[in-house]
Amino acid sequence: QVQLVESGGGLVQAGGSLRLSCAASGSIATINTMGWYRQAPGKEREMVARITSDGSANYAESAEGRFTISGDNAKNTVYLLMNSLKVDDTAVYYCKANLRERRRVRTLDYWGQGTQVTVSS
């Protein structure tokens, strides 16, 4: 069984910062990518940022220049530092990992339970 556990969400004023963490645990053989997605009320889930195991990162246009994704391969953990937060960043943030369990041959996507980020004006 693989689990992704997120932390670090909360309430912050516009212009403030938050740092999200997501740790993957379980019988993990390899992790290809880890990333952050978000879903605001009434909207579809969208990619915010993702990073490969070799450190290559890409961002949504809305996150570029404000958010920074980083990973710790030894801890199977990914972080999202969010600066200059805007009211429009309010959403549930989900962690996703594309990884292979030891008992499986192919990779699968796994999701965390989500963490609420609320930015007030």
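Pairwise Cα distances in the stretch 33-120 exceed 23 Å for 23 percent of all pairs. Taking amide H as placed 1.01 Å from N in the peptide plane, residue 33 has its amide H under 5 Å from the amide H of 98, each at least 5 places away in sequence or on another chain. For the stretch 66-78, 3J(HN,Hα) computed residue by residue from phi via the Karplus equation (6.51, -1.76, 1.60; θ = phi - 60°) reads 10, 10, 10, 9, 8, x, 10, 4, 5, 9, 6, 10, 10 Hz, glycine and proline entered as x. Cross-link partners for residue 43 among the lysines, with Cα-Cα distance under 19 Å and sequence neighbours closer than 8 places in the same chain left out: 86, 96. Under a no-solvent Debye model with one identical scatterer per Cα of the stretch 1-67, what's log10 I(q)/I(0) at q = 0.21, 0.29 Å⁻¹? Taken in order of the listed q values, log10 I(q)/I(0) reads -1.13, -1.42. Computed from phi, the 3J(HN,Hα) profile of the stretch 36-48 under the Karplus parametrisation 6.51, -1.76, 1.60 (θ = phi - 60°) reads 10, 10, 9, 9, 8, x, x, 10, 7, 5, 10, 6, 9 Hz, with x in place of Gly and Pro. Computed from point charges on the beta carbon alone (+1 for Lys and Arg, -1 for Asp and Glu), the dipole magnitude for the chain about its Cα centre is near 420 Debye.
In order along the stretch 11-26, the Karplus-derived 3J(HN,Hα) couplings, from 6.51 cos²θ - 1.76 cosθ + 1.60 at θ = phi - 60°, round to 9, 9, 7, 4, x, x, 10, 9, 10, 9, 10, 9, 10, 9, 9, x Hz, and Gly and Pro are given as x. I'd like the carbon and sulfur percentage of the solvent accessible area for the stretch 1-102, probe radius 1.4 Å, heavy atoms only, ligands and nucleic acids excluded. For the stretch 1-102, the apolar C and S fraction of the accessible surface comes to 44 percent. The amide H of residue 60, built 1.01 Å from its N in the peptide plane, has 49 as neighbours under 5 Å, considering only residues 5 or more places off or on other chains. The stretch between residue 86 and residue 57, if pulled fully straight at 0.36 nm per residue, gains 8.3 nm over its current Cα-Cα span. For the stretch 54-102, the extents of the C-alpha atoms along the principal axes are 41, 21, 17 Å, listed from largest to smallest.
The values are calculated or read from the model by the stated rules, or taken from the named source; none is laboratory data. Here the structure is a predicted model, which means the values were calculated and not measured. Neighbour counts are summed over all protein chains in view; Cβ atoms, including those assigned to glycine, are modelled from backbone coordinates with ideal geometry. We work out accessible area using only protein heavy atoms, side chains counted, and drop any ligands, DNA or RNA first. Shrake-Rupley method; radii C 1.70, N 1.55, O 1.52, S 1.80 Å.
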